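Derivation of every value follows stated rules applied to the coordinates shown; laboratory data play no part. Since the structure is predicted, the reported quantities are computational estimates derived from the model, not experimental observations. Methodologically, a virtual Cβ is constructed for each residue, glycine included, from the backbone with ideal geometry; neighbour enumeration extends over all protein chains shown.
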Amino acid sequence: MASMRDIQRRKSSIQSTGQITKAMKLVATVRLQKARGNAENSQPYFDHMYNTVKSMLARSGNINHKYLQPGESKKKAVIAITSNRGLAGGYNSNIVKLLSGNDDFQPDDVIVYNIGRKGKELFQRKGYSIKEDFSDTVNDPGYRDAMDISDVILSDFENGEFGELYIAYTVFKNTVSHIPTLIKLLPVTASEEVLNSEERLTMMNYEPGAEEALDMIIPKYLSSLIYGALIQAVASENGARMQAMDSATSNADEMLDNLSLLYNRARQGSITQELTEIIAGAEAIS
């Protein structure tokens, strides 16, 4: 059995750790409240933009446009959104597993547009090529950041750097549920539901023309989806960190209870030994 001094040192260390994890939980809770509000407010626009563009294309017939056709390159590009900080449970590793566990997204076939320093470290360990790093945007993402990212990616797509574009991020469902998600952004495809229904009979008219209209619509569409994913990811990160710190604090409390029990047993054993020695000494004198 460990000595009382060793147990006391261990208790002090765990108490300090528990105070830190409790403080981090409180900080994550406050940040989550703001991030959750942003995510819930932006989600309707995010979904409506996604569904509207796909529905529009389903009613457009066959349009030959650069953003609607796969590029010549066989490479796939992925915008991967993680965080700049750790201590968030499996939040960061789940995004990496989402790609590395998929046979269609192995390192030799994929280039990564990275957002989040923790994800960058994990992707590099797995052998993925980091094309661009936009990690600073995840701290406080704005629509302007999404537009800048979109401009870089669209330029690379037009230059033949890759043939398809996906985004990997974490959907914020509620405080305890965060879902790693992978969706395709380019080439933009029509809605399967509309294609298989009578709604497509109402054809889309473009003014002045489809080419000019899509040149304006698709970049805004891409920027909106990237911004929506960033907002969702920030809320998910803070939710995951709050859960992780709550679990760590609970584990610290449980360990302290166990160590207190061990300490009391060691103290009782020490007292019993001292009494035994006193009694034995008294008997020897008498």
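Projection of the Cα convex hull of region 33-97, averaged over all directions and equal to a quarter of that hull's surface, yields 7.3 nm². Sorted ascending by nearby beta carbons within 10 Å, beginning with the fewest, His65, His48, His178 become His48, His65, His178. Amide H contacts for Ala77 (H built 1.01 Å from N in the peptide plane; partners 5 or more residues away or on another chain; cut-off under 5 Å): Ile111, Gly163, Glu164, Leu165, Tyr166. Helix 91-100 and the longest principal axis of the C-alpha atoms of the chain enclose an angle of approximately 50°. Computed about the Cα centre, the dipole magnitude for region 91-138 is approximately 280 debye when only Lys and Arg (+1) and Asp and Glu (-1) carry charge, each at its Cβ. Between 0 and 90 degrees, the angle of helix 4-58 with respect to the longest Cα principal axis of the chain falls at about 10 degrees.
Taking a cut-off of 18 Å between Cα atoms, list the lysines near Lys118, but don't count ones fewer than 8 places away on the same chain. Hits, sequence-local ones excluded: Lys97, Lys126, Lys131.
Farthest towards the positive end of the charge dipole of region 42-243, among the residues Tyr50, Val176, Met216, is the Cα of Val176, using unit charges on the Cβ of Lys, Arg, Asp and Glu.
Can you tell me the length gained on complete extension of the stretch Thr175 to Glu158, counting 0.36 nm per residue apart and subtracting the Cα distance? List each step's numbers first, then the result.
Numbers: separation 17, 0.36 × 17 = 6.12 nm, distance 3.92 nm.
Gain on stretching Thr175 to Glu158: 2.2 nm.
Around the amide H of Phe134, modelled in the peptide plane, lie the amide H atoms of Asn114, Ile115, Gly116, all under 5 Å away and 5 or more residues distant in sequence or on another chain. Using a basic spin-label model with each label point 7 Å from the Cα along Cα→Cβ, how many nm lie between Asn205 and Arg144? Computed distance between label sites Asn205 and Arg144 equals 3.9 nm. Calculate the length of the line joining the C-alpha centroid of region 252-286 to that of region 65-84, in whole Å. Using only Cα atoms to place each centre, the spacing works out to 68 Å. By other beta-carbon atoms within 10 Å, ranking Met49, Met4 with the fewest at the front produces Met4, Met49.
Just one of [x] 17.7, 57; [y] 28.1, 116; [z] 18.5, 61 is Rg and Dmax of the Cα atoms in Å calculated from these coordinates, so which is it? Computing Rg and Dmax of the Cα atoms in Å and matching it to [x] 17.7, 57; [y] 28.1, 116; [z] 18.5, 61 gives [y].
Ordered by the count of other Cβ atoms within 10 Å of each Cβ, fewest first, Tyr169, Tyr263 give Tyr263, Tyr169.
Rounded to the nearest 20, the Cβ-based charge dipole of region 1-135 about its Cα centre (Lys and Arg +1, Asp and Glu -1) stands at 760 debye.
Charge dipole of the chain (Cα centre as origin; +1 on each Lys and Arg Cβ, -1 on each Asp and Glu Cβ, all else neutral): 1100 debye, rounded to the nearest 20.
Dividing the helix sum by the residues of the chain, where each DSSP H run of 4 or more adds -39500 (n - 2.57), gives a mean residue ellipticity at 222 nm of -21500 deg cm²/dmol.
Specify which residue in the list Asn251, Asn92, Ile271 is farthest towards the positive end of the charge dipole of the chain, using unit charges on the beta carbon of Lys, Arg (+1) and Asp, Glu (-1), about the Cα centre. Most positive-ward Cα: Ile271.
Which one of Tyr166, Tyr206, Tyr128 has the biggest mean-square fluctuation once the chain is modelled by GNM with Cα springs under 10 Å? Evaluated over the chain, the most mobile residue of the options is Tyr206.
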